[in-house]
1. All other residues with a Cβ under 14 Å from the Cβ of residue 250 taken together, and with Lys, Arg as +1 and Asp, Glu as -1, what is their net charge?
2. Set the Förster distance to 30 Å, then compute FRET efficiency between residue 235 and residue 180 from the Cβ-Cβ distance, nearest 0.05.
3. Please sort 224-236, 52-64 by packing, taking for each peptide the average over its residues of neighbouring beta carbons within 10 angstrom, highest first.
4. Over all directions, what mean area does the Cα convex hull of the chain project, stated in square nanometres?
5. Please give the calculated 222 nm ellipticity per residue for the chain, where each DSSP H segment of at least 4 residues contributes -39500 (n - 2.57) and the sum is spread over every residue; nearest 500 deg cm²/dmol?
6. If I model a spin label as a point 7 Å beyond the Cα along the Cα-Cβ vector, how far apart are those points for residue 201 and residue 135 in nm?
7. Beyond 25 Å, what share of the Cα-Cα pairs of region 2-120 is found? Please give it as a whole percent.
8. For region 129-254, count all C-alpha to C-alpha pairs, find those more than 16 Å apart, and express that count as a whole percent of the total.
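The numbers here are math on the coordinates, done by the rules we state, and not lab data. Every value quoted in this text rests on a predicted model; they were computed, and no experiment measured them. Neighbour counts run over all protein chains shown; Cβ positions are idealised from the backbone, glycine included.
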Amino acid sequence: KIIKKLVLEAKKENKKSVLLTFFPHPKMVLQKDASIKLINTIDERAKHLEKIGLDYLIIHPFTKDFSRLTALEFVKDILVNQFNISKLIIGYDHHFGKNREGNIKQLTEYSHLYDFKVEEIPVQDIDEVAVSSTKIRQAILNGNIETANAYLGSNFTANIKVLEDYKLIPKTGAYVVKSVINNKTIFGMMNIGKRPTVDGNYQTIEVHFFDFSSDLYNTFLNIEVLHFLREEQKFNSVEELVAQLKKDEKKSKEL
């Protein structure tokens with residue numbers, strides 16, 4: 001909602017829409033929390049923003065030195081001197097600067113000082129639940145894909161071979177998915193797990209597309225995750241596994 005508002009406002013005023021984001025995630029730098037997983041990779045985020053119509057995505061390196069900028073220094077040195085902003089659109093309860101000292105009140109004061117406008121977007125609610133990246137991550141990890149997709153406003157994407165180790169992966173189990181291959185939308189099933197029926201010992205991500213037979217080896221695909229089907233199971237035989245997969249396919253096509 002914030003980004004769509006940004007793009008719309010920029011077009012109305014015949015100006016460029018710019019989104020400033022940071023990488024690595026602050027927790028990776030300040031708390032050395034390498035375990036945190038992000039909903040989207042940088043490339044996924046860039047492609048999604050391009051579809052929305054954003055003009056520029058600025059990815060600023062997040063370092064310990066950068067984290068020490070005060071709220072005033074961030075506004076003056078980054079937003080004003082580097083980007084020459086005319087209007088700033090932020091989300092509800094936004095904080096910034098060293099120790100998260102900056103807020104909407106300070107931004108309003110700085111806007112008068114440096115001649116730019118500020119607009120705060122009210123908290124976005126879905127089913128009376130305030131949307132946050134933490135809640136989206138938890139929904140994905142719990143297999144609540146429909147809830148996560150509703151929060152995101154688009155379908156969560158996964159990669160068969162995950163190129164970035166910070167990418168969030170849903171919990172183990174079977175899922176209904178879709179992908180665009182050769183400009184055609186193809187539906188299928190995805191399994192995340194260790195393949196216990198065949199004594200697998202490491203996690204894999206496997207996708208089976210329905211009514212599709214082309215060679216996709218070494219092809220990069222975005223997989224949109226639509227529904228959670230069931231938990232990962234260990235069957236007594238491969239025959240039992242195959243029978244269950246047929247049931248999964250039937251249910252997937254019904255969904």
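1. +1
2. 0.40
3. 224-236, 52-64
4. One quarter of the hull surface, i.e. the mean projection, equals 16.6 nm².
5. My calculation for the chain gives -8500 deg cm²/dmol from helical runs alone.
6. Computed distance between label sites residue 201 and residue 135 equals 4.3 nm.
7. Of all Cα-Cα pairs in region 2-120, 25 percent lie more than 25 Å apart.
8. That tail contains 64 percent of the Cα-Cα pairs.
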